[in-house]
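Single-structure report; data block below.
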Amino acid sequence: MVDIHSHILPGVDDGASSWAIAIDMVAAAAKDGIRHIVATPHSNAQFRYDRSAHAERLMELRKRVGVPMELSLGCDFHFSLENVQAALQDGKQFCIGSGPYLLVEFSDFGIPPNADTAMRALMRRGIVPIITHPERNLFLRSKVEMLYSMVEVGCLIQVTANSITGFWGKAARRTCLGLLKRGLVSSVATDAHDLTHRPPIMSAAREAIHSKFGKDIAEALCSTIPSAIVAGKPIPDIPSLVRRRETGAG
């Protein structure tokens, strides 16, 4: 499995609070069957995103971990005017690895009226937005049709592994299942912050998807598509996802 969204870098945001915890989180992920983790520190009003400093910290983490694990750098990019302007100037400072994919987090309190225009502007610069955990976003949960529109113009959607298994409540799980049923989800990720409440575990979600939607969907969302994302490659055609998107069938 490949995890494209996690907060494993220590001391840079509200994720891992120490090197020891970061190392243990990587070990827990490896034990769960994750082979590649993207470290995605926040870029928002609370946490400043410094790509070069984060890259140095990631190199140090690579040296310290004692298990086989590939590590990449990305960003948990809060959708704000300041961030969008910075990304339009230099999107690579926020994207996953050296590829075009950018994790985009919207506020729970609403989406600016210019969001569609801004997303299209990013895409014209070669950036592919990945909307993160919409099932946990109170506003997007009530405006699911906005997600349909975003997917239609080329955005991807990532849901959180433990939303599927119920950690974030019934409404989040129900939204996840609805998005999965319609083939709108491109990736599952942990959004891990620690070892206890928000651990780097994907296997339970993969098994839940396998049970409800089939092995090929589970493999696509937990491995095949995330692998393409971290490699910076085009998203592969997954026939079963395309059929779901076209028919909305469960």
Checklist outcome for this item: With x for Gly and Pro, the residue-by-residue ³J(HN,Hα) of the range 49-60, computed from phi through the Karplus equation 6.51 cos²θ - 1.76 cosθ + 1.60 at θ = phi - 60° and given in whole Hz, is 9, 10, 4, 5, 5, 5, 5, 5, 5, 5, 4, 5
Checklist outcome for this item: If amide H atoms are modeled at 1.01 Å from N in the peptide plane, then the residues at a separation of 5 or more from Val128, or on another chain, having amide H under 5 Å from its own are Tyr101, Leu102
Checklist entry - Excluding Arg62 itself, what net charge comes from residues whose Cβ is under 15 Å from its Cβ, given Lys and Arg +1 and Asp and Glu -1? => result +1
Item to check | Rel. contact order, % - alpha carbon contacts under 8 angstrom, at least six apart, the range 42-164 | outcome: 20
Item to check | Label zone at Leu81, where the point sits 7 Å out along the Cα-to-Cβ direction: the range 105-125 residues whose backbone N lies under 17 Å | outcome: 107, 110-119
Checklist entry - Given Lys181/Lys233; Lys212/Lys233; Lys170/Lys233, which pairs have Cα atoms separated by over 31 Å? => result Lys170/Lys233
Next on the checklist: If I take every Cα pair under 8 Å that is 6 or more residues apart in the range 134-198, average their sequence separation and divide by the length, what percent do I get for the relative contact order?
Outcome noted: 34
Checklist entry - Among Thr40, Thr160, which comes first, then next, by fewest other beta-carbon atoms within 10 Å? => result Thr160, Thr40
Checklist entry - If we count other beta carbons within 10 Å of each Cβ, what is the order of Met59, Met119, fewest first? => result Met59, Met119
Checklist entry - Normalised by the residues of the chain, what does the relative contact order come to in percent, with Cα pairs under 8 Å and at least six apart? => result 20
Checklist entry - Quick one: length gained pulling Leu138 to Lys31 fully straight, 0.36 nm per residue minus the C-alpha distance? => result 35.3 nm
Next on the checklist: Please report the net charge: other residues with Cβ closer than 15 Å to the Cβ of Lys31, K and R +1, D and E -1.
Outcome noted: -1
Next on the checklist: Just to verify a number: FRET efficiency for Val67 and Lys215, C-beta to C-beta distance, R0 = 30 Å, to 0.05?
Outcome noted: 0.70
Checklist entry - For percent of Cα pairs over 27 Å apart, the choices are [x] 29; [y] 34; [z] 38; which was calculated from the structure? => result [x]
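Read-outs throughout are calculated quantities, based only on the coordinates presented, and are distinct from any laboratory measurement. The model shown is predicted, which means the values in this text are computed figures rather than measured ones. We place every Cβ from the backbone using ideal geometry, glycine too, and count neighbours over all the protein chains shown.
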